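Peer 1: Encoded as structure tokens, here's the structure I'll be asking about.
The values are calculated or read from the model by the stated rules, or taken from the named source; none is laboratory data. This one's a predicted model, so the numbers in the text were calculated from it and none came from an experiment. Cβ placement follows ideal geometry from the backbone for every residue including glycine, while neighbour counts extend to all protein chains displayed.
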Amino acid sequence: MTKDKLRKKYIEKRIALSAQEVLQKSSAIFKNLQKIEKLHGIKSASVYIAFGNEVDTTSIVKKLNTDGVSVHVPKYLRGKWTLGKKGFDIAILPGVAFDTRGVRLGYGKGVYDKLLAKSRAIKIGLAYDFQITDKLPKEKHDLVMDYVVTEKRII
């Protein structure tokens, strides 16, 4: 299946989630995320703001702020994406789908691939378990996550 067909398939499934399902699954993902030892003691993080039924990151941002972590949000400015400070410890990313190797299928613009190409940040993809597949097509510029966290598992 092509990347475009995969995107359509997974986005349609995600959009079909109810608001209640998004909140329940996001809460379970937040709990699993907290189990990752490398997240304890970090000083800065990049975290996306969810849209279109993506995993909600509100609880994550609140927890990081409570822990004194400096939180950076990617933004679109004058035709270009930026993360501001590049020296963050972790990057929490959305994805349309992920595979069990950590390969991320994004929205097709290569935004995070370009932004994080040289970053040493720990890359963590957040997804619902139905967004995980055995193997996605991978091009050499595609990011590979250090972790993928769903409501059911940490990959």
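Peer 1: Return the residue satisfying two criteria in turn: it lies in the stretch 97-146 and is among the aromatic types (Phe, Trp, Tyr) and surrounded by fewer than 20 Cβ atoms within 10 Å (Cβ to Cβ), and of such residues it is farthest from ALA28 (Cα to Cα).
Peer 2: Among those residues, the one meeting the criterion is TYR107.
Peer 1: Out of all the residues in the stretch 91-105, is one or more free of Cβ contacts under 8 Å to residues at least 12 places away in the same chain and of a type in the set (Gly, Ala, Ser)?
Peer 2: No - not one qualifying residue is present in the stretch 91-105.
Peer 1: When the residues of the stretch 61-119 are narrowed to those that are of a type in the set (Lys, Arg) and part of a strand (DSSP E or B), which ends up modelled with the highest pLDDT?
Peer 2: If we filter the stretch 61-119 for residues that are of a type in the set (Lys, Arg), which is where we start, we get 62-63, 75, 78, 80, 85-86, 101, 104, 109, 114, 118.
Going one step further and asking which of them are part of a strand (DSSP E or B), we end up with 75, 80, 104.
Details: LYS75: 72, LYS80: 62, ARG104: 96.
Here the residue is ARG104.
Peer 1: Would you point out the residue of the stretch 28-57, among those that are among the hydroxyl-bearing types (Ser, Thr, Tyr) and without any contact (Cβ under 8 Å) to a residue 60 or more places away in the chain, that is farthest from ASP134 (Cα to Cα)?
Peer 2: That would be SER44.
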